[in-house]
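For reference, the structure is listed below as structure tokens.
The values are calculated or read from the model by the stated rules, or taken from the named source; none is laboratory data. Source: prediction; values computed, not measured. Methodologically, a virtual Cβ is constructed for each residue, glycine included, from the backbone with ideal geometry; neighbour enumeration extends over all protein chains shown. We work out accessible area using only protein heavy atoms, side chains counted, and drop any ligands, DNA or RNA first. Shrake-Rupley method; radii C 1.70, N 1.55, O 1.52, S 1.80 Å.
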Amino acid sequence: MKILVIGGVAAGTKAAAKWKRENRTDQVVLLTKSADISYAGCGLPYYVGGSIENREELIVNTPQKYRGLTGVEVLTLREATHVDPAAKVVTAQNLENGQEETYGYDKLIVATGASAVKLPLPGVDLNGVFPMRAPEDAITMRDYLEANGVKKAVVIGGGFIGLELAENLFDRGISVTVVEVASQILSGVLDGEMAGYVQRHLQQKGIRVLTGTKVTALVGDGKVEGVQTDAGLLPCGAVVVSAGIRPNTAFLEGTGIQMEKGAIVVDECLATSVADIYAAGDCALVKNRLTGKAQYSPMGSSANLEGRTLAQNLNGENKTYPGVLGTGVVKLPGLNVGRTGLTESAAKEAGYDVETVVAVTDDKAHYYPGAAFFITKLLADRNTHQLLGVQVLGPGAVDKMVDIAVVGLSMGLKLEDFENLDLAYAPPFSTAIHPFVQAVYVLENKLSGAMQSMTPAQYAAGAAKGYTVIDVNPQPTIRGAKFVDLSKVEGPIEGIGKDEKLLLVCAKGRRAYLLQNRLKHYGYTNTKVLEGSSFFNEIRVEKKPGAVTVPAEEITRVKALGCLHNKGTDNFNVRVITRNGKITAEESRAISEAATLYGSGEIT
């Protein structure tokens, strides 16, 4: 039997190698447009940043090495241009000599991957503008950064690759701005409140993030010098366009193969709608493992799994591909982000009755050096308690939290199934009750009614209006809030009515929950724990008109910095002294950013 594979990165090389191991007598031929095969596409941002030092490290296998290891015949620099399913022939152009070649097959595997979307923008072809999809993109960009001494860069796109590139450019000492047209970064990956935390973190670290901002042009004379947006001009010396990818499937037009938005529709056996043609990897549209609906999930991990499963199935092992969960993880400056399963909006759209919780826990024993935190958002069905998804933020091993969830989601586990899992514990690695299990406990308490809470999303939307904020920290911490010492609450609290709306806030949420439990016992009927408390949320205490909570000495100190105090309030105005009434575009952006981060956002 003759097996023809088109595409030589992840799914194609995995399918070809596994097929040859399963049946050494079959002829397996792999065609690839590139001169390289099996390259580390996910490692490209780290080559740009210098974590991967040598370009040779980006190439997992050379054609010669791969051929020797597997027995697969590899033909590089062959671009497939047409498929004739009736004749079972593929036409390809030899990119070395320009000649047209034909290849017959008994079984055809399409694993042509995807290419970076080229935005239809003026100036997109200027020097210094880079996609990030193939090794040559990363190699060319790093050379350009070094040769031109680039100090400022703009990344267009706030997805995984865009943020990884932002981190690596930042690590090189380059000032970075990320521009995202959607209302949040990591759109479709994280829920809004989790993405908001990530954005605030990046900005605190020094990476500027502009969401809801459209790029209209790239400007420069011969080389890029700025990015024009609907919010103004961003001067820069380099631009990365990471605004999505498009499946490489144009050559399949006229074959009758069913496609949606360019992605090849396959069944659980990874078969297309045309006999003896199969597809895997970034060019294929698989299904979501939870909902069963079609999902485009271009990841190197799933591409390898799909390629291997396809080869096994076609060799009679009765294997099927169950689908994806959208699992992903990304490393950012001082914060890692992981997720799997459904987002809240996707779960609701799929028909689930969704309940969520945001829990902040230690990531290992709090007394162990280097201990940090996990911020975990769990999603479950309110009626069945089936786990639906997880999103995790933290400076440490968020992947272990995500991987636990992947197993649970794949097995259809309920929250109760996680309660007594015998997970690994030692102070350097975890807490005695695993952080994932702790988050499960919190969601179970919410579902059972043992805890009444307000989610960060609800809080940000204004749900706390009319609530009295109670500071449950060990010491008074939240300016303007009423402090309550948890250790001294042994009955009703003087000055607080039992039917008064109380929002209980501490550092991470645990002390607030303990106070709620105690207040219930003493007859308080209207308390809410703020999930994530002040660790996750930006706390703003609603003040009565004219109320002043800033100490007099603090007012004096801030006035001495040149700020104007609005008497009888906590408000200050910051003056900016200009040159003849003029400021530069860069100064204007700095003022706007300061107003957003530290003030009301208003500028006069």
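For the stretch 373-437, the set of chymotrypsin sites (Phe, Trp or Tyr not before Pro) satisfying both a DSSP loop assignment and a count of at most 16 other C-beta atoms within 10 Å is given as Y425, F429. When the Cα positions of Y103, I404, I478 are compared along the charge dipole of the chain, I478 comes out farthest toward the positive end, with charges on each C-beta of Lys, Arg, Asp and Glu.
Label zone (L126, point 7 Å along Cα-to-C-beta; backbone nitrogen cut-off 18 Å) within the stretch 239-280: 239-243. Placing +1 on each Lys and Arg Cβ and -1 on each Asp and Glu Cβ, with no other charges, gives the stretch 479-544 a dipole about its Cα centre of roughly 140 debye.
Placing +1 on each Lys and Arg Cβ and -1 on each Asp and Glu Cβ, with no other charges, gives the stretch 492-604 a dipole about its Cα centre of roughly 180 debye. Its relative contact order, with pairs defined as Cα atoms under 8 Å and 6+ residues apart, puts the chain at 9 percent. With all protein chains in place and a 1.4 Å probe, the accessible surface of the stretch 486-604 carries 52 percent carbon and sulfur. Packing-based ranking of 597-604, 566-573 yields 566-573, 597-604, ordered from highest to lowest mean Cβ neighbour count within 10 Å. Separation of the stretch 479-501 and the stretch 394-467, taken as the distance between their Cα centroids, equals 28 angstrom. The convex hull defined by the C-alpha atoms of the stretch 546-604 has an orientation-averaged projected area of 4.7 nm². Estimated from the Cβ-Cβ distance and a Förster radius of 56 angstrom, the FRET efficiency linking R579 and N54 is about 0.70. The mean sequence separation of alpha-carbon pairs under 8 Å and at least six residues apart, normalised by the residue count of the stretch 94-172, gives a relative contact order of 13 percent.
Summing Cβ point charges (Lys, Arg +1; Asp, Glu -1) relative to the Cα centre of the chain gives a dipole of roughly 1320 debye.
Per the 1.4 Å probe, what fraction of the accessible area of the stretch 218-296, in percent, lies on carbon and sulfur atoms? After summing per-atom areas, the C and S share lands at 47 percent. Taking Cβ atoms as reference points and 15 Å as the exclusive limit, the residues near N23 contribute a net charge of +3, counting Lys and Arg as +1 and Asp and Glu as -1. Computed over protein heavy atoms with a 1.4 Å probe, the carbon and sulfur contribution to the accessible area of the stretch 362-429 reaches 56%. Among residues other than A114 with Cβ under 9 Å from its Cβ, the summed charge is +1 (Lys and Arg +1, Asp and Glu -1).
Note on D422 and A595: their simple-model spin labels are 6.1 nm apart, each label 7 Å out from Cα toward Cβ. Shown is the FRET efficiency for E542 and M411, computed with R0 = 60 Å from the Cβ-Cβ distance and rounded to the nearest 0.05: 0.85. Distances between placed amide hydrogens fall under 5 Å for V28 paired with I3, E73, all partners being 5 or more residues away or on another chain.
Count the DSSP beta bridges whose two residues both fall in the stretch 117-275, then state the antiparallel fraction as a percent rounded to the nearest 5. Of those bridges, close to 40 percent are antiparallel.
If you look at the Cα atoms of the chain, you get an Rg and a Dmax of 27.9, 89 Å.
Take the chain with all the other protein chains still there, run a 1.4 Å probe, and you get 46 Å² of accessible area per residue. Helices meeting the span-like rule in the chain (full DSSP H runs, Cα extent of at least 15 Å along the helix axis, mean Kyte-Doolittle score of -1.0 or higher): 135-148, 160-171, 300-312, 398-410, 435-448, 585-598. In the assembled protein chains, V550 presents an accessible area of approximately 10 Å² (probe radius 1.4 Å). The residues packed around I433, meaning those with a beta-carbon under 14 Å from its beta-carbon, carry a net charge of -3 if Lys and Arg are +1 and Asp and Glu are -1. Here each label is just a point 7 Å from Cα along the line to Cβ, and for E554 and A182 those points are 3.7 nm apart.
Please give the calculated 222 nm ellipticity per residue for the chain, where each DSSP H segment of at least 4 residues contributes -39500 (n - 2.57) and the sum is spread over every residue; nearest 500 deg cm²/dmol?
So the calculated ellipticity at 222 nm is -7500 deg cm²/dmol.
The length gained on full extension between R172 and N526, counted as 0.36 nm times the residue separation minus their Cα-Cα distance, comes to 122.3 nm. Think of the chain as having a plus end and a minus end, set by charges on the Cβ of Lys, Arg, Asp and Glu; of Q228, N526, S453, N526 sits farthest toward the positive end of this dipole. Note on the stretch 56-178: dipole from Cβ charges, positive end direction compared against V129, V178, L58; the farthest Cα belongs to V178.
When both bridge partners sit in the stretch 1-128, DSSP labels roughly 50% of those beta bridges antiparallel.
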